Every structure is written in structure tokens, then in C-alpha cells.
Amino acid sequence: MWGLKRYRYATWALIAIWFLFNGLTLGYNGPFFDEGIYLTAGQRVWERHGYSDGYLRWFAGSLLWPTLVGGEVRAGGLEGARAIALSLSAVTLLALCGITRNLFGDRAALWATLAFALSGPFMALARMAVYDALALAGIATSLWAITRLAKRGNRAWLVVAAAAYTMGMFAKYPAALMLFPLMGVLVVLRRGQAITDVALFGFLSLALALAFYLPVRDDLAYFIRYRLTHSPSSRASMGMIAVELSRLSALPLLLAISGWLVARRARAVATVLLLSLLLWPAYHLVLKDSVSSTKHLAYGFLFAYPLAGLAIGTVLEANRPWALTRRAAVAGLMIVVAVAGIVQRDRLGHAWPDARPAAAYLVDRVHPGEKLLINESWPYTMYLYRAGRIESPWDVFDVYRITHGESEITLCQYDWFVDSQWAYAWPDAIANAVHRCGTFEQVYVASSAVVNMGTDLNYIRYPVSVQVWHNVAGR
């Protein structure tokens, strides 16, 4: 039987290998739409335009994440920002290891860390420069501090838990939903002391939240009113949402149920951890919305995978009959987990077109002061603004800005028209009006393959075209 230190050394080595494995593939695709937004906003924040640009009025999170990656944008670009996200995801893995160790011991911690590290949604999220990386690290740290409190009995850990949760919530507002499983774990672990603990946690997190909220309350009030009347939408049907969430959650659910079955002495906390898997699928199915659904699964997995570690560790417990058979079964299971996770990671990492070739073409030819029409605007805006080819991100006009009357010139007066035939397509009326100008000449066409679920509920790979048109008449 391994000593406790060997389990810990193995876990740390595992996290280091995982970091290198994913770090070598940070250029797997061009920027996701949200990455383009946050990296551009980050650069603007560092240039002291963060509040004047009005991001707080439509971001589902504060400027914490843009500020964190903004300084990296010019130095390391997209891959540098993704490296920051990957580092925060390693923090999440370390916290998961500590959570499992506090609840179920070192053996379970090793296997929980391995299984979670190979989770497709988590690996896909770890390689994306989006604010979920910071939010998930905050929630993970908060849960670790709660389990540490339960183990040590020192309420100083409540300060850590409340601060980490508040940071995660303001990194991404929907992460606030994780308060329910967090408080569930706190209540079942602390029992008679739980009322005082919950009250202290609430007081601390509320005080921190108010300290952030009050200086920007007007912008946040506007955001809340806007979201109540303009909820995010997606093109996916209820069936597509349910099938994708089910496919990604099936293996974690099976592992978590197995852990719940063997957690006889910790059945109450195991029940809370297991139920966390239902939170985000229910959220997306009730709202009939698939936006960020695959990223949100990682929040529930964070709570459930300690049960997976418990299940695997129990199977491998020494001095039991059929030890060799059990080890072979676990080895086979981990191969399945690894293959499924890597396939899911790569599939989720190619769910959008690669904007880099067309963006490079524009960066070489666009001049400051020119105006651009780009429907999938932010991935292109990120590169153009970083290279100094546009004076402001607002020199680029997308579908929303055109259809909401923000343009002060006619369509025929724009210098460039980019038609990315993807999610935010140009309305026919706008595209036809541009072509009727008679002055736009097609100068570049690029294509990249994406992988998504089709209407038959099977994943398909298909090409997405990007067309670049230049106004030869000028403005």
C-alpha cells in the first residue's frame, strides 16, 4: 500500500503533466467569440477605457477577468491569455484534490483529480480565455475552504470561503448559483454549528459584494434590467440541448452514483455532491438555452468528482479478493475516461470557425480610421485593435449595432464588409444592401471546419466560409 506522501506526490505530478499536456495545444483554434470580447475589453481596461466603454452594462461578469488578462494581450496575445486560464484551472485541480482529501482521504484525492483532469468539458474550458476559469477557481477554493473548516474547526476558513466565492461570483455572475451546493456542504458537515457558519458566510460575502457593487451600481442596475428583457438565446432545440448535456454528463453521473453508493459514513454530504450534477442541466433546460451550457457543466463536475475518486479508490482498496481483476477494471475504466475526455475536449474546441486567417488578412490591409462591417465582430476586433489597425473597438460594426441604429453613415460608406457564415449571420436585407452599392469587391475567402450537433442529434463536421469585401470606392 502506498504511503500518504506518495499519493500526494503522485497527485502533484499528475497536475503538472496535465498542465503541460494542455499547455502544448493552446493554439488549437482561433479565438472563440467571447475570448475576443474579453481580451479586447482587457486591453481597453488597461488603457483606462474599461468603464467608459460600458462593458459592465452587458457583461455577465465584472471587469476582474478582462483586467487579469489585459496586460497579457499585447505580450502573449490569445495563447498568453489562455495560459492564464490554464493556470487558474490548475488551481481548480489543486483545490479539487484538497476537497477530496478532506472528505474522503488521499487515495480518493488522487483518483478524483485524475478523473476530473480528464473530463472533456473541464479540459475544453481550461484552454479558453474566458471568465469561467476565474469563476471556477473561486468556487473550487471556496469549497476547499469549507471542507478545511469542517476538518480543522477554525472559522478563519470562512473568510477564505466567502472571499473566494464572492470573487467567483463577480468573475461571472451566474456562478452565484453555486451558493446552493456550497451551503449544502457547509450545513451537512457542520451540523449544529451550521447556522452560525451560514450567517457568517452570508455576512462576509454580502459585505464584499456591496463593496464592489456600490461604486458601479448604476451600470449593474442597467445590466439587470437589460437581462430581464433580453435573455440570451441559442439556435439549439430542447432535444439538442438535452442530448448534448446527457452525453457529456453520463460518465460523471455513473462515477458519482458509484461513489454515493459506497459513501455509507458520509451519505449526507455525498447526496449534496451528487445533486450538484443536476443544477446546470436543469438551469439550461428550464430556460431552453444552450449558451455556455458545456462550460457550466464543469461547475457541477467540481462537486461530483470527489465521489468518483471515492468509488475508484474503494475498488482498489488493498487486501480484497480479485485484486488483479479490480485493477484491470479500473485501468480499463480510466482508458475510457481518457479517450472520451480527449475526444470531447477536441470536439468542443472546434465548435466555432477559425478567424485567424481572415483576421491576418485584414490586419495587413486595414488602415486606422477605416470603418468595418463584421458580423462575427469580436474575434476580428481583437486582432485589429491589438495591431493598431483600428483606433477603437467601436470602429467595427456588427449585426446588433447596425440593426439598432448605431451607425452614423450609410452601408455604402463602409470600407470593409466581412461575412462570416456562422452564428451571427447578416440579415438578408443588410447583405443585399451592401452588394447593391456596387462598390464592394470580394478580395479574400477563407474556410475552416467546425464540429457541432446536427438536427439528427449526431455530431457532424462541416466547413464555414468567411468572405472579405473591400469598398474600392472608399468613403
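The numbers here are math on the coordinates, done by the rules we state, and not lab data. Quick caveat, the model's predicted, so the values are computed rather than measured. FYI the Cβ positions are ideal-geometry reconstructions off the backbone, even for glycines, and counts take in every protein chain you see.
A few notes on this one:
- Helix 217-229 vs. the chain, principal-axis angle (Cα, 0 to 90°, nearest 10): 90 degrees
- Whole-number D in µm² s⁻¹ for the chain, Kirkwood Cα-pair radius fed into Stokes-Einstein, 25 °C, 0.890 mPa s: 103 µm²/s
- Straight-line reach from residue 288: taking Cα to Cα under 21 Å and skipping same-chain neighbours fewer than 8 places apart, the lysines in range are 172.
- Remark: relative contact order (the chain) = 16 percent; criterion is Cα-Cα distance under 8 angstrom and separation of 6 or more residues.
- Taking all Cα pairs closer than 8 Å and separated by 6 or more residues, the relative contact order of the range 356-471 comes to 27 percent.
- Dimensionless Rg over Rh [the range 356-471; C-alpha; Kirkwood]: 0.99
- For the range 114-172 versus the range 378-446, the spacing of their alpha-carbon centroids is 39 Å.
- Filtered GluC sites (Glu not before Pro), the range 1-108: DSSP coil and at most 16 other beta carbons within 10 Å: 47
- Rg over Rh, two decimals, the range 397-449 (C-alpha only, Kirkwood Rh): 0.95
- Crossing angle, helix 238-262 versus the chain [Cα axis fit, 0-90 degrees, rounded to tens]: 20 degrees
- 0 to 90° range, to nearest 10: angle between helix 106-117 axis and the chain longest Cα axis: 20 degrees
- Potential lengthening between residue 10 and residue 326 on full extension [0.36 nm per residue; Cα-Cα distance subtracted]: 111.7 nm
- Using just its DSSP H runs of length 4 or more, each adding -39500 (n - 2.57), the chain gives a mean residue ellipticity at 222 nm of -21500 deg cm²/dmol after division by all residues.
- Percent of beta bridges antiparallel (DSSP, the chain, rounded to nearest 5): 80 percent
- Length-normalised contact order of the range 104-190 in % [C-alpha pairs under 8 Å, at least 6 apart]: 28 percent
- Förster radius 22 Å - calculated FRET efficiency between residue 412 and residue 391 (Cβ-Cβ, nearest 0.05): 0.55
- R0 of 41 Å, Cβ-Cβ distance residue 401-residue 342: FRET efficiency to nearest 0.05: 0.60
- With the Kirkwood sum run over all distinct C-alpha pairs, the range 107-196 has a hydrodynamic radius of 14.0 Å.
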